[in-house]
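Written out below as structure tokens is the structure these notes cover.
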Amino acid sequence: MDIPVAILPDASESPLPDAIGRQAVHWLVLLQGEHVTQEMREAWQAWRTEKPEHERAWQRVETFLAGLRTLPSSAAHDVLAAERVPDKGRRRAAKLMAIMAAAGGAWLAVERVPAREWLADYRTGTGERRTVVLDDGTRLVLNARSAVDVKFDAGRRLVTLLEGEILIETAPDAQTVARPFYVQTAQGCLQALGTRFTVRQRQADVQVEVFEGAVRVRPAKARDQDYVVQAGQQTRFSQDGAEMPLADVDEQSAAWASGMLVAREMRLDDFLDALAPYRNGSLGCDPAIAALRVSGIYPLADTDRVLDMLQRTLPVEIHALTRYWVRLKPRDALEQKG
């Protein structure tokens, strides 16, 4: 199949961050759902105008779809039909991303739009958690908006974290020769050493928190360096190395697996990042209040209530164009002081 040249970005343009490409695809899938409201469309438009990079990412999505219309192929027909005919949630998203991957591989490769996440072995959507028991008895819990691939063979047990956050409780391997258990991330590889731990794929690094046993961390570009994170410790690592010294871990940081978000002096922007997978649309805060500290126990099932609690306990106020586009900003008094 020929790929239309129009889907390739201009070589003079700077690459878009992975996170923005991911947001653009999330909006594409959301807008092709069965029940698209005017409120959703207004939130999508607000996201597009919020930053030039957002609009550039969306223009590339539209250029890609326009390019498909020039193809006399069944793949193009399927995508265009998908814009008109309602389908069911995850199957529809997976089908759309599969077609995009097949028909628009060049665009996806250049921008690294996460087709793999949508086609993963196991994934969760907004506000959804999922528990999976793997073939060896290992218990795997996926946080909201998370995706993993799983591959067990004669030599190893491998979980690849494509997006989001997971909680792993490894089980002893029943094979005659025990196979090592690995978690592959965008920043490097982890080896579980009889362990209960969480792994969170962030924009620029990976956060690891160990509750039992130990985890060996090997950054992708520093494979000769091993960092062993013991029970009660946590770290963040990039492809070049790990954050040292290791920090203490809070057992309650994995409370999301039970539907709660426990914060102890957490930065507001980090708190909102943890809350965002539990609401549709876009959630963020003004940089002026990003470093405010949040403490408390919050129900992930009711994010509106959580935001209201923040507004009552911090010098912030909610600015919502719609419920799909929410920003926390300083209260007027705080702005005047600044």
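Rounded to the nearest whole Hz, the Karplus-based 3J(HN,Hα) values (6.51 cos²θ - 1.76 cosθ + 1.60, θ = phi - 60°) of the range 302-311 follow the sequence 9, 5, 4, 5, 4, 5, 5, 5, 4, 5, with x at glycine and proline. Assign one of three labels to the range 259-337, namely rounded, prolate or oblate, based on the Cα gyration tensor with a ≥ b ≥ c the square roots of its eigenvalues; rounded applies when a/c is under 1.5, prolate when it is not and a/b is larger than b/c, and oblate otherwise. Cα axes put the range 259-337 in the oblate bin. Taking θ as phi - 60° and the Karplus parameters 6.51, -1.76 and 1.60, the scalar couplings of the range 208-218 work out to 10, 10, 10, 9, 9, x, 7, 9, 9, 10, 10 Hz in sequence order, x denoting glycine and proline. With both labels modelled 7 Å from their Cα along Cα-to-Cβ, the Glu50 to Ala301 distance reads 2.7 nm.
Under 5 Å between amide hydrogens, built in the peptide plane, is the criterion, and for Thr195 it picks out Thr170 among residues at least 5 positions away or on other chains. The modelled label-to-label distance between Leu31 and Asp136, using points 7 Å beyond Cα along the C-beta direction, is 4.4 nm.
Seen through its C-alpha gyration tensor, with square-root eigenvalues sorted a ≥ b ≥ c, the range 138-247 comes out rounded because a/c lies under 1.5.
Using the Cβ-Cβ distance between Gln175 and Gln239 with R0 = 41 Å, the FRET efficiency computed as 1/(1 + (r/R0)^6) comes to roughly 0.85. In sequence order, the range 273-289 has phi-based couplings of 4, 6, 7, 4, x, 9, 9, 6, x, 10, 10, x, 9, 5, x, 5, 10 Hz under the Karplus curve 6.51 cos²θ - 1.76 cosθ + 1.60, θ = phi - 60°, and Gly or Pro positions carry x.
Read-outs throughout are calculated quantities, based only on the coordinates presented, and are distinct from any laboratory measurement. For clarity, every value in this text was computed on a predicted model and none was experimentally measured. Reconstructed Cβ throughout: ideal geometry from the backbone, glycine too, with neighbour counts over all protein chains shown.
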